[in-house]
Ligand SMILES: Cc1cc2nc3c(=O)[nH]c(=O)nc-3n(C[C@H](O)[C@H](O)[C@H](O)COP(=O)(O)OP(=O)(O)OC[C@H]3O[C@@H](n4cnc5c(N)ncnc54)[C@H](O)[C@@H]3O)c2cc1C
C-alpha cells in the first residue's frame with residue numbers, strides 16, 4: 001500500500017495531502033447530514049453543490065472543460081471517503097461521474113463543449129439504462145429512438161429505477177434505434193420529459209431520493225445529442241461500467257470501513273466478564289479476518305482504477321473489485337451488528353444503514369451474478385488466447 005503511516009488501519013492509497021484536505025471537506029459537508037439523507041430519503045442537493053464548489057464533482061474531467069483532469073484512482077478515493085460517511089452521497093456522485101465519463105469518452109466535440117463545463121457548476125445527472133422489462137439484459141429495449149427529418153432524433157419510452165432521477169438536470173438514456181441500442185443526452189427542461197415516482201421507487205438501501213421512472217414522449221433532440229456512434233450503446237455502456245464498477249467498489253469499501261471502525265470502537269469500550277469484549281479471542285479473530293479482507297479488496301479496487309488509467313484489463317478488475325467489495329461490505333456490516341449486541345440493532349446505531357446500503361450494491365450497477373459472468377467470460381477468452389499462442 002502507498003502511504004508510510006503505520007498507525008492507521010486504512011493506509012492512504014493516494015496523495016496524502018489530497019486525502020487530508022478531502023477528509024476535512026467531507027467531515028464538514030457530508031458527515032453531519034448522512035443520517036437525515038437516509039432517514040428522509042432525499043437527494044442531497046445542498047451537499048452535492050458544496051462538493052461541486054470544491055471541484056469534487058469534476059475531478060476526472062479534462063482541464064479543457066473546467067475539470068481537474070485527475071486519475072481514476074484519485075476519483076475512487078473520493079468515492080471511498082465520501083461513502084465512509086454516506087453511501088447515499090456516494091451514489092449521488094456516481095450518477096454524475098457515469099454521465100460525464102460517457103460524454104468525455106464518446107460524445108461529439110460540440111456536446112462535450114456544451115455539457116462538460118457545467119459539472120464544475122454543479123450539474124446533476126442520471127444514467128438511465130433500466131426499463132421495467134430490461135434490467136441485466138439491455139441488448140434490446142422498449143424505449144425507441146428514430147431519426148427526424150431535420151437530422152435530429154425523436155425519443156419515446158419509459159426508463160425505470162433511475163438513481164438521482166428526482167433531482168437530475170439531465171440524463172443519459174439508452175434507446176433502441178434502427179441498428180441497435182444507442183445512447184442519448186437529454187435535459188430535464190426539454191419538451192416531452194417528466195418523471196414519475198412509482199410504487200417501487202423507494203429502496204431500503206442507497207436512499208438518495210426516489211429511484212424514479214423517466215418518461216419520454218416525442219422528445220426531440222439535436223443530432224449531436226446522440227452520444228458516439230449509433231448502435232454502439234451496449235459496448236459504450238460496458239466501457240463506462242468498468243469505470244462505475246470501480247467507483248461502486250470504492251463506495252462498498254467506504255461502507256465496510258465505517259462498519260469496521262464503529263464495531264471496533266464498541267468492542268474496545270464494552271466490558272463483559274471483566275474484560276473488554278475485544279479481548280475475547282473470537283472477536284479479535286473476527287476483526288483480523290475483516291481487516292485482512294478489506295485490505296485485499298482495497299488493493300483490488302486500486303488495481304482496477306489503475307487499469308482504467310493505464311489501459312489495463314479494467315472490465316475484469318472492476319468486476320472482480322465490485323463483486324468482492326459489495327459482498328464483503330454486507331458481511332462486515334452484519335458482523336458489526338453482531339459484535340455490538342443490542343446496540344447494533346438499534347435505530348440510533350448506524351449499522352442498519354450500512355447493511356441496507358451494502359446489500360443494495362450487490363444488485364445496483366450490475367448484480368453479483370452478472371459480474372461473475374463477465375469474469376467467467378474473461379477467463380475463457382484468456383484461456384482461448386493462450387491455446388492459440390501455444
Ligand atoms: C439501488 C438501486 C439503484 C439503481 N439505479 C439505477 C440507475 O440509476 N439507472 C439504471 O438504469 N438502473 C438502476 N438500477 C437498476 C439496476 O441496474 C438493475 O436492478 C440491475 O441491472 C438488475 O436488473 P433487474 O433488477 O431487472 O434484475 P434482473 O435482470 O431481472 O435479474 C434478476 C436476478 O436474475 C439474475 N440474472 C439475470 N441475468 C442473469 C444471468 N445472465 N446469469 C445469472 N444471473 C442472472 C440477476 O443477477 C438477479 O439476481 C438500480 C437498482 C438498484 C437496486
- Among 214, 226, the single one that is more than 15 Å from the ligand (Cβ to nearest atom) and surrounded by 22 or more Cβ atoms within 10 Å (Cβ to Cβ) is 226
- Screening 33, 85 for residues that are within 22 Å of residue 355 (Cβ to Cβ), within 15 Å of the chain's Cα centre (by Cα) and either assigned by TED's automatic domain parsing to the domain that holds residue 204 or at pLDDT 95 or above (or both) leaves only 85
- Select the strands (runs of 3 or more DSSP E) contained entirely in the range 116-186, then report the ones holding at least 3 residues which are within 13 Å of the ligand (Cβ to nearest atom) and surrounded by fewer than 22 Cβ atoms within 10 Å (Cβ to Cβ). 153-162
- Query: Of the residues that make up the range 91-99, is at least one away from the ligand (no atom under 16 Å from the Cβ) and in a helix (DSSP H, G or I)?
  - Reply: no
- What number goes with the only condition from (1) free of Cβ contacts under 8 Å to residues at least 12 places away in the same chain; (2) more than 15 Å from the ligand (Cβ to nearest atom) that residue 194 does not pass? (1)
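Check 129, 78, 56 and return the single one that is at pLDDT below 95 and either in the same structural domain as residue 255 (by TED's automatic domain parsing) or under 17 Å from the mean Cα position of the chain (by Cα) (or both).
None of the other options fit; the residue is 129.
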- Query: So how many residues does the range 279-302 have that are crowded, with 19+ Cβ neighbours inside 10 Å and either without any contact (Cβ under 8 Å) to a residue 24 or more places away in the chain or under 22 Å from the mean Cα position of the chain (by Cα) (or both)?
  - Reply: 6
- Query: Which condition number in (1) closer than 27 Å to residue 113 by Cβ; (2) touching a helix residue (DSSP H, G or I) at 6+ places or on another chain (Cβ under 9 Å); (3) within 14 Å of the ligand (Cβ to nearest atom); (4) at pLDDT 95 or above is the one that residue 208 fails?
  - Reply: (1)
- Item | Every residue from the range 116-131 that is within 22 Å of residue 238 (Cβ to Cβ) and in contact with a strand residue (DSSP E or B) (Cβ under 9 Å, 6 or more places away or on another chain) | 125, 126, 127, 128, 129, 130, 131
- Note on the structure: Filtering the range 216-252 down to residues that are in a helix (DSSP H, G or I) and farther than 25 Å from residue 105 by Cβ yields none
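Rundown of residues vs (1) touching a helix residue (DSSP H, G or I) at 6+ places or on another chain (Cβ under 9 Å); (2) part of a helix (DSSP H, G or I); (3) within 20 Å of residue 305 (Cα to Cα), yes/no style:
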site	(1), (2), (3)
6	no, no, no
24	no, yes, no
35	yes, yes, no
48	yes, yes, no
64	yes, yes, no
69	yes, no, yes
74	yes, yes, yes
78	yes, yes, yes
84	yes, yes, yes
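The values are calculated or read from the model by the stated rules, or taken from the named source; none is laboratory data. These numbers come from a predicted model, not from an experiment. Glycine also receives a Cβ, built like all others from the backbone with ideal geometry; neighbour counts cover every protein chain displayed.
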